[in-house]
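**Student:** Following this message is one structure expressed as structure tokens.
Each value in this text was obtained by applying a stated rule to the coordinates, not by laboratory testing. Everything quoted here is computed from the prediction, not taken from an experiment. Cβ placement follows ideal geometry from the backbone for every residue including glycine, while neighbour counts extend to all protein chains displayed.
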Amino acid sequence: MAKITTRDGTEIFYKDWGSGQPVVFSHGWPLTADAWDDQLFFVASSGYRAIAHDRRGGGRSGQPWNGNDLDTYADDLADLIEALDLHAALERALGSRLAQAGVRDLLARYPTLTALRNAGRARITKVIKARSPRLAVKVTGTVMAALDAQSVTVPAEEATGWVIAELASELDRILARRDALAAEMEEVFLTHPFGELLSTLPGIGPRTGSRILAEIGDGTRFADGGRLASYAGLAPVTRQSGKSINGESQSRRGNHRLKNAMFLAAFASLRDPASKAFYDRKHTEGKRHNAALICLARRRCDVILAMLRTRQPYTPDCRSTAIRDAA
């Protein structure tokens, strides 16, 4: 029997008949995929790929105690579509390009297959080119190929188009606000007494620096870098049973927001020769990528505290004893 495993580990049985553009059927309670057999046979015989699944809790799918609600049923169907790669041609063509302003403009202007076909190549190129000039020709070609490959249209296409256009416009507003917030965050960070100081340490930018400052302040509550590393969950934890010591492992505790910021900053710092040399040394000692980055982030805890206490920026040839010794 064909099954997929959903995000929460539940197995979902499905039927997959025929080939071509996919048509997905979803039954209601208390039926199973068998209720669609006549329709599945007709669709598959007409040159399409017909798919139907048993909802969780019934038929040949798993019967978990939790998740028997409409939200989880929808998640299961989304997992099935993702696992079988049932996305329509136009969705595959544009879904990964929504970060491009021109693509968002296109969906806001022509949100349906019919609208795109009526617009034609020239208008599609013109809309995309206004804010994504480098991608205009390439994306237009991809869209036209998708339109040729996709012949199935959904019921109530016009109503669906209104929703798509509104979501595209809303996404554009959200991304614009995100960019504005990033600029504001950078300005506030660099005007902070410690912001400009921390930005001299390789790998620390406005976002990671803001998070680090928000979590540790001026650093005076930490006696040393080891205490800071422990607070962030970067210090190794000793595995012990009774009097037996079984080695050390990475901590799963600590301040996860700070740990994430320190980890990302350590990764970004690998362009710095000193950080890269330390990382390579840990790699040579047998540590894997993430473990070596954790070691680098732990080492930088000493440097950050020294910088905050001495009020001196970081430089590779810094003469400050505190910073040099910490590094």
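**Student:** Taking Cα centroids, how far is segment 102-149 from segment 9-74 in Å?
**Tutor:** First find each Cα centre; the distance between them is then 33 Å.
**Student:** So how far apart, in nm, are the two label points at Asp148 and Trp162 if each is 7 Å from Cα heading toward Cβ?
**Tutor:** 3.4
**Student:** Order by neighbour count: Lys287, Lys259, fewest other Cβ atoms within 10 Å first, most last.
**Tutor:** Lys287, Lys259
**Student:** Same structure, new question: Taking R0 as 35 Å, what FRET efficiency do you get between Glu184 and Thr310 from their Cβ-Cβ distance, rounded to the nearest 0.05?
**Tutor:** Calculated transfer efficiency: 0.75.
**Student:** Continuing with this model, one more query. List the extent of the Cα atoms of segment 91-176 along each of their three principal axes, largest first, rounded to whole Å.
**Tutor:** 32, 26, 20
**Student:** Here's another thing I want to ask about it. Which number do you get for Rg(Cα) / (2.2 N^0.38 Å) in the chain?
**Tutor:** Working it through for the chain, the quotient is 1.38.
**Student:** Per the helix-only calculation at 222 nm, which mean residue ellipticity applies to the chain, given -39500 (n - 2.57) for every DSSP H run of n ≥ 4 and division by its residues, nearest 500 deg cm²/dmol?
**Tutor:** One gets -18000 deg cm²/dmol as the mean residue ellipticity at 222 nm.
**Student:** P(r) for segment 65-115, please, calculated from all Cα pair distances in 10 Å bins and given in %.
**Tutor:** 21, 35, 30, 12, 2
**Student:** For segment 91-176, calculate the relative contact order in percent as a whole number, restricting contacts to Cα pairs under 8 Å that are 6 or more residues apart.
**Tutor:** 42
**Student:** Can you compute the FRET efficiency between Thr191 and Ser19 using 1/(1 + (r/R0)^6), with r the Cβ-Cβ distance and R0 = 56 Å? Round to the nearest 0.05.
**Tutor:** 0.40
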